[in-house]
Number of protein chains: 2
Amino acid sequence: MAISDRRISESTIHRLSIYYRALQQLEKENYETISSKELARREKLTPAQVRKDLSFFGSFGTRGLGYPVVELKGKIAGILGIDRVWDVALVGVGNIGSALVSYKEFQKQGFLIKMVFDNDQRKIGSNHKGIIVSDIRNIVSELRNSSIEIVIIAVPSSMAQLVADDVVQAGIKAILNLAPINLKVPDDVVVRNENMAMELEYLSFSLSNHQRPK
Amino acid sequence: MAISDRRISESTIHRLSIYYRALQQLEKENYETISSKELARREKLTPAQVRKDLSFFGSFGTRGLGYPVVELKGKIAGILGIDRVWDVALVGVGNIGSALVSYKEFQKQGFLIKMVFDNDQRKIGSNHKGIIVSDIRNIVSELRNSSIEIVIIAVPSSMAQLVADDVVQAGIKAILNLAPINLKVPDDVVVRNENMAMELEYLSFSLSNHQRPK
DNA sequence: TAAGAATTGTGAATCGTTTCACAACATTCT
DNA sequence: AGAATGTTGTGAAACGATTCACAATTCTTA
């Protein structure tokens, strides 16, 4: 059964990212192999969970020994699709937006911000870390003529849906939305929401109710 | 049974934040009441889910009519603990950190950044939006003598655990961690991780495997 | 005041995810 | 070589979250 035929849960994909980072660290520490037990201990998961997650994609380990660190890291990179470079566009050069242009972590993981858009005349044409800010009015055509496959939306809530409509019209299938609203997009477009205010609200709830996360 | 006795799932709390934002919007649109059906339609959920989530905390609706918008908004604010102001400290005035100091969304939701720490001598003493950057070496005592209850960690991965240790030592029970590592903290400290690289990896997976989120 | 329509609140059923438990296999030791 | 140890991969069991389905209740209209 091909991977694409199966339903892999969001949690499993999320944990693959966690395993990937753990393996990067283990490689630095010169581990050759790692057991599901030790990997689980480090990331506060269960060994069974680790094995089950990986088993969705194949048999990467050796019984009695564990998983080969470097090889597994490569396999996970392949599964996540991060064994290549992705060209990314950023819309909105406000506080958060500008910070992201310089954010090293993205480049390090192969996500390269290649285009930046804004609607502010004072910003259009200006240079952000070597990238000229484009006029958002041209976003559809500029994205169409580009190699961009992922767009980060970092505009105020009130404008986010309009931007998303343009982005979808330009044929983009993956959006990282930083605005605190629920974007309406067609079924074949994936949206991930990153909302720090919501995370703070979770902390607020926990402090108020003395409840720890499950 | 008191709320604090029950196990409320992470998903339910997350959705309360979503309902809260929807209700803010509905209030603007002058809705007096809202049915679970309509609320669900707007946020792409099911009516049963909405009702079940709310029912964990009480009976806020009226059969035949729906939920009173303003009142429900107030109830949810109370449940989430956002019917008050929370004092927040930020550690790390890099790209992302500086952006957060000016981030309006936090203040709007009652999360006030009152202290900022860094380890860079050139930054210590400088003024960020009216807040003087403190030396991270004094973080334990400064936090202890403050009204801060939530700390945002926006330092490089390599320093995040050290910062977290200090923050915990200062008696803080809630951390928003922006560094892409798994912080080790005692059981009575809640940590939420915000990791944009991981969200991009999810998009990468989806694009690579033609899988939409469940 | 009675009938009809709308909608909640919730126990039960369903569905999905996590954990358990163990056969299968690799390695190490004697 | 045989025994002991360690660890994977996975079907089955347990657990948890979501959805269903309907009694209870309110509102509206005649």
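Assorted remarks:
- Segment B:121-160: number of residues that are among the acidic types (Asp, Glu), within 23 Å of residue A:204 (Cβ to Cβ) and outside any loop (DSSP other than H, G, I, E, B): 1
- Filtered residues of segment A:103-120 (kept if part of a loop (DSSP other than H, G, I, E, B) and either open to solvent by less than 40 Å² (accessible area, probe 1.4 Å) or not assigned by TED's automatic domain parsing to the domain that holds residue A:153 (or both)): A:109, A:110, A:120
Each row is one residue, and each column tells you yes or no for (1) within 15 Å of residue A:182 (Cβ to Cβ); (2) within 12 Å of DNA strand D (Cβ to nearest atom); (3) within 14 Å of chain A (Cβ to nearest Cβ); (4) among the β-branched types (Val, Ile, Thr).
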position: B:13; (1), (2), (3), (4): no, yes, yes, yes
position: B:30; (1), (2), (3), (4): no, no, no, no
position: B:40; (1), (2), (3), (4): yes, yes, yes, no
position: B:48; (1), (2), (3), (4): no, yes, no, no
position: B:53; (1), (2), (3), (4): no, yes, yes, no
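- Filter result for the condition that a residue is over 27 Å from residue A:161 (Cβ atoms) and among the small types (Gly, Ala, Ser), over A:77, A:89, A:99: A:77
- Condition check for residue A:106: facing chain B (nearest Cβ under 10 Å), in contact with a strand residue (DSSP E or B) (Cβ under 7 Å, 6 or more places away or on another chain) and away from DNA strand C (no atom under 16 Å from the Cβ): yes
- Within segment B:181-195, restricting attention to residues that are open to solvent by less than 20 Å² (accessible area, probe 1.4 Å) and facing chain A (nearest Cβ under 7 Å), the residue that is farthest from residue A:106 (Cα to Cα) is B:190.
- Index of the failed condition, residue A:22 passing every other in (1) at pLDDT below 95; (2) closer than 25 Å to residue B:154 by Cα: (1)
- Taking the criterion of being open to solvent by 30 Å² or more (accessible area, probe 1.4 Å), modelled with pLDDT of 95 or more and more than 14 Å from DNA strand C (Cβ to nearest atom), the only residue of segment B:5-17 that qualifies is B:14.
- Only residues that are within 11 Å of DNA strand C (Cβ to nearest atom), over 21 Å from residue B:197 (Cα atoms), open to solvent by 20 Å² or more (accessible area, probe 1.4 Å) and of a type in the set (A, V, I, L, M, F, W, C) were counted across segment A:33-83, and they come to 3.
The values are calculated or read from the model by the stated rules, or taken from the named source; none is laboratory data. Quantities reported herein were computed from a predicted structural model and do not represent experimental measurements. Glycine also receives a Cβ, built like all others from the backbone with ideal geometry; neighbour counts cover every protein chain displayed. Surface areas here come from the heavy atoms of the whole protein model, side chains and all, with no ligands, DNA or RNA. Shrake-Rupley method; radii C 1.70, N 1.55, O 1.52, S 1.80 Å.
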